[in-house]
Structures are given as C-alpha cells and as structure tokens.
Amino acid sequence: MSRASLPPLDERLARQRVVPVQARSRQRIDAILDATGALLAAAGAEAATTSAIARAAGTTPATLYHYFENRLAVFAALARRTMAEVDAALTDRLVELADADEIRSGELLATLYRAYRDAPGYVAVLRALRAEPALQALVRESNQRVAEVIAALLARHTGLEGARAARVAGILSEVCEQVLQAALMADEDEAAALVDEMAEMLDVLFRYYRGEAAGPETGASLSR
C-alpha cells in the first residue's frame, strides 16, 4: 500500500486488528497494555518499540501485530483503557455525592489528576498522542461519559434540568479535561495551582447555580 493510499492517521491510530472475545485473548491484550504502560513510565515513548513491548509482555512481535496495527494503536488502546478505568472510578464517586450536602470540587479534581498521573504510561501516551485526532476522539468519549453523570448531579443539587443541565455539564467536563491535560504536562507546583484554580471556579459556579451567589447580568446576547 502506498503512502498516498493509507487511511487517515486517526483511523490507523484507533485501529485494533482483533477485538478480544475469549478470555485468553483479553489476557494477552492486557499483558501487552500493561507492558506498554511500564515501558512508557520507565523510559518514555521512544523506548516503547513494538519489539520492546512484545518482549516485555512475554510474547512475539507477530502476536502483537495480530492484535494491533502499530505501536501507536497500542498507545491509543492503553489511553482508552486508562480513561475508562478513571471515568468509572469518578462516576462511582459522583454517584456517592448525589446525596451529599455539598460537592467538594477540590477533592474530586485532585483525585482525578492523581489517577491519571499515577496510571502507568498515561502521561507519556498523552505527550506522544496529544495532537492526534485519535486521542482527541477518546477524550471526547470520556468527556461525554463524565458529562452525563455531572448533569444528573447538577439536577440533584441545583435544580437545573434537561437540556440546560446537559449543556452546563458538557462545558464543565470539557474545561476540566483541558485543565487536567495542562496539569499533567506541568511540574508538580504548577499542576497543583491549576487544579486549585479550577476547583475554585467550580465551587463558585455550583454556588451560583444553587442560588447562593450573585451571577452575571442577564440578557446578554451574541447579537449585540
């Protein structure tokens, strides 16, 4: 296949050759992703070649290529798995907060930041794929999952309902994701400052939507 006839890069990055059905196949893929995360965490993206990944996973390059088209597809699969695991944990925590008297934004954001920071290889994957459409597609999926839970939380705590709750939740999810990505790329001090600032903003917004703080003047229009 010539370079001109290759599919778009985002399609190639997202492509996993085989979707595992049998337990043995799932175990092989998990072993490949675990090995990739460990290599990325220890030595960065340059060291995580397909040969190195296969060797660390205790398999052969041929087996790796049976499941993944290239190493970037492995990176994307690792990112997808990490996001799904972190989203599931966050969703569980948000559900727990449904009946709480207050929403502790700082605690939630700090927990989310640490979960991504400590996930083996995730920051290296973020650095390697940050500009690629495939990663952005995964981020959008993650944001949508989180936004659905935030919308329910807003409806429970603020009285926002329906389309407006979904709209506000979508905005919050997108903004928080951008801040968290910036924090993951920054040093520890700057990361802490970014997370703290975002938490302050969220607290102000929640107080406003609960009617506990003054909001902006109404009647603003894009047509002005």
Screening Thr63, Thr82 for residues that are at pLDDT below 95, of a type in the set (Val, Ile, Thr) and closer than 17 Å to Ala124 by Cβ leaves only Thr82
Do we find that Ala88 is out of contact with any His (no Cβ under 7 Å at 6 or more places or on another chain) and closer than 30 Å to Glu148 by Cβ in this structure? yes
Would you mind finding the one in Val125, Val168 that is touching a residue at least 40 places away in the same chain (Cβ under 8 Å) and closer than 22 Å to Phe75 by Cα? Val125
Does Ala56 meet the test of being of a type in the set (Gly, Ala, Ser) and more than 21 Å from the chain's Cα centre (by Cα)? yes
Step by step: first the residues of the stretch 1-46, then only those that are modelled with pLDDT under 75 and among the charged types (D, E, K, R), then the one that is nearest to Thr82 (Cα to Cα). Which residue is that? Arg15
Considering only residues that are polar (S, T, N, Q) and farther than 13 Å from Ile32 by Cα, look in the stretch 66-94 and name the one that is surrounded by the fewest Cβ atoms within 10 Å (Cβ to Cβ). Thr91
Would you check which residues across the stretch 95-117 are at pLDDT below 85, surrounded by 17 or more Cβ atoms within 10 Å (Cβ to Cβ) and not hydroxyl-bearing (Ser, Thr, Tyr) and list them? Leu97, Ile103, Leu108
Looking at Glu85, Glu96, Glu141, can you tell me which residue is of a type outside the set (A, V, I, L, M), more than 19 Å from the chain's Cα centre (by Cα) and not assigned by TED's automatic domain parsing to the domain that holds Arg28? Glu96
Among (1) surrounded by 14 or more Cβ atoms within 10 Å (Cβ to Cβ); (2) in contact (Cβ under 8 Å) with a residue 40 or more places away in the chain; (3) assigned to a helix (DSSP H, G or I), the one test that Pro120 misses: (3)
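The values are calculated or read from the model by the stated rules, or taken from the named source; none is laboratory data. It should be emphasised that the depicted structure is a prediction, and the values quoted were computed from it without experimental measurement. A quick note on method: Cβ atoms are made from the backbone with ideal geometry, for glycine too, and the neighbour counts reach across all protein chains shown.
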